[in-house]
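**Student:** Have a look at this one.
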Amino acid sequence: MRYAKVHFEDVQVGDEMPALVKGPIRQIQLTRYAGASGDFNPIHQDPEFAQAAGMGGVFAHGMLSMGFVAQSVTDWLGVGTVRKLGVRFTALVRLKDVVTCRGRVVGTSEKNGERLVELEVWAENQRGEKVVTGRATAAIPSRLD
Amino acid sequence: MAVQVNRSVIGKEYPAYVVTVERGKIKEFARAIGDLNQHYLDDAVGRASPWGDVIAPPTFPITFRDERADAETLLHDLGVDISRVLHGEQEFEVHRPIRPGETFTCRTRIVDIHEKAGRSGPMAFVRRETSIVDRAGDLVGTMRHTTVVRL
């Protein structure tokens, strides 16, 4: 079995990451994510609570969308490659939303013997509105390894 | 009435807490995201991998919680209600993969609080940082959380 999905020599600034489509988001996934992550904020579970909080209804954990973004990177570059992932949550993800994760290579470098790929990453909903924006750094193997 | 955030907690360090990574929890977490990568889910694939076991997805350390250092404790310290907070930003720095059975010591501190005018009114941005250190004393990763409080 090969672990390297993409080699450093194959990656160039401007390359686009294959898109990853997740959803539509259903309540059961938010409940599962609450249990798996330990984040039981009722704003993701209880419509009345979310309304009373002025949020116009239930919305997804930001961390679930970040998990989607992380998956989009590892699906392309391989598991165990992510060295850094930082995001901003820019819009709420609602029930029935479809979240598409995208990315683009913005830099390549070598540091401490690792070959690093820097990506601009984001996720957008079915209306093309960005719900997550961020950066990822992944260490990937070389064909020379 | 505008909400006030207790700024005196800037610099506060929460009690260190110890977590042990459970095999089933890694799989539950990956499945909840819908990431069915076999390196997270299949023990045989894990054993045959360079890591010798399944590994955790990149955002898994968000499950490293302790009631003395969690979001509810933070809200209590800030003096705000859970209905007023949103997750603004999150960052993970990962120095090596995390495997089942590993034990880590986590330390969280409040790095900064600053207020800004947002689209829907004034907001406070509360930045916390959690370091994750293994039994050998090596830093395995760092989490940086930014919580937004609607004032």
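**Student:** From the list A:Phe40, A:Phe89, which one is aromatic (Phe, Trp, Tyr), closer than 29 Å to B:Val126 by Cα and assigned by TED's automatic domain parsing to the domain that holds A:Pro141?
**Tutor:** Answer to the selection: A:Phe89.
**Student:** Taking the options A:Ala34, A:Ala53, name whichever one is open to solvent by less than 20 Å² (accessible area, probe 1.4 Å), facing chain B (nearest Cβ under 9 Å) and either modelled with pLDDT under 95 or touching an Asp or Glu at 6+ places or on another chain (Cβ under 6 Å) (or both). Lay out the reasoning, then the answer.
**Tutor:** Working: A:Ala34 fails: either modelled with pLDDT under 95 or touching an Asp or Glu at 6+ places or on another chain (Cβ under 6 Å) (or both).
The unique qualifying residue is A:Ala53.
**Student:** Just to be sure, is A:Thr81 more than 17 Å from A:Ala36 (Cβ to Cβ), crowded, with 21+ Cβ neighbours inside 10 Å and of a type in the set (Ser, Thr, Tyr)?
**Tutor:** So A:Thr81 fits the description; yes.
**Student:** A further question on this structure: Go through A:Val117, A:Val93, A:Val79 for me and flag whichever is aliphatic (A, V, I, L, M) and within 11 Å of chain B (Cβ to nearest Cβ).
**Tutor:** Exactly one of A:Val117, A:Val93, A:Val79 is aliphatic (A, V, I, L, M) and within 11 Å of chain B (Cβ to nearest Cβ), namely A:Val79.
**Student:** Output the residues belonging to region A:33-50 that are charged (D, E, K, R) and in contact with a His (Cβ under 8 Å, 6 or more places away or on another chain).
**Tutor:** The one that is charged (D, E, K, R) and in contact with a His (Cβ under 8 Å, 6 or more places away or on another chain): A:Asp39.
**Student:** I'm checking my understanding of the structure. Among residues of region B:9-35 that are assigned to a helix (DSSP H, G or I) and touching a residue at least 24 places away in the same chain (Cβ under 8 Å), which one is farthest from B:Thr63 (Cα to Cα)?
**Tutor:** B:Val9
**Student:** What number of residues within region A:1-22 are modelled with pLDDT of 95 or more, touching a helix residue (DSSP H, G or I) at 6+ places or on another chain (Cβ under 8 Å) and more than 14 Å from every other protein chain (Cβ to nearest Cβ)?
**Tutor:** 3
**Student:** A:Val98 - would you say it is surrounded by fewer than 19 Cβ atoms within 10 Å (Cβ to Cβ), within 20 Å of B:Ile33 (Cα to Cα) and of a type in the set (A, V, I, L, M, F, W, C)?
**Tutor:** yes
**Student:** Any idea which of B:Gly11, B:Gly24 is under 28 Å from A:Arg26 (Cβ atoms) and exposed (fewer than 15 other Cβ atoms within 10 Å of the Cβ)?
**Tutor:** Matching residue, one of B:Gly11, B:Gly24: B:Gly24.
**Student:** Considering only residues that are among the hydroxyl-bearing types (Ser, Thr, Tyr) and surrounded by fewer than 21 Cβ atoms within 10 Å (Cβ to Cβ), which ones fall in region A:107-145? Steps first, answer last, please.
**Tutor:** Filtering region A:107-145 for residues among the hydroxyl-bearing types (Ser, Thr, Tyr) gives A:108-109, A:133, A:137, A:142.
Passing the criteria: A:Thr108, A:Ser109, A:Thr133, A:Ser142.
The values are calculated or read from the model by the stated rules, or taken from the named source; none is laboratory data. On a predicted model such as this, the values are computed, not experimentally measured, just so you know. Positions of Cβ are backbone-derived with ideal geometry, glycine not excepted, and every protein chain shown enters the neighbour counts. Protein only, heavy atoms only, side chains kept; ligands, DNA and RNA dropped before computing areas. Shrake-Rupley method; radii C 1.70, N 1.55, O 1.52, S 1.80 Å.
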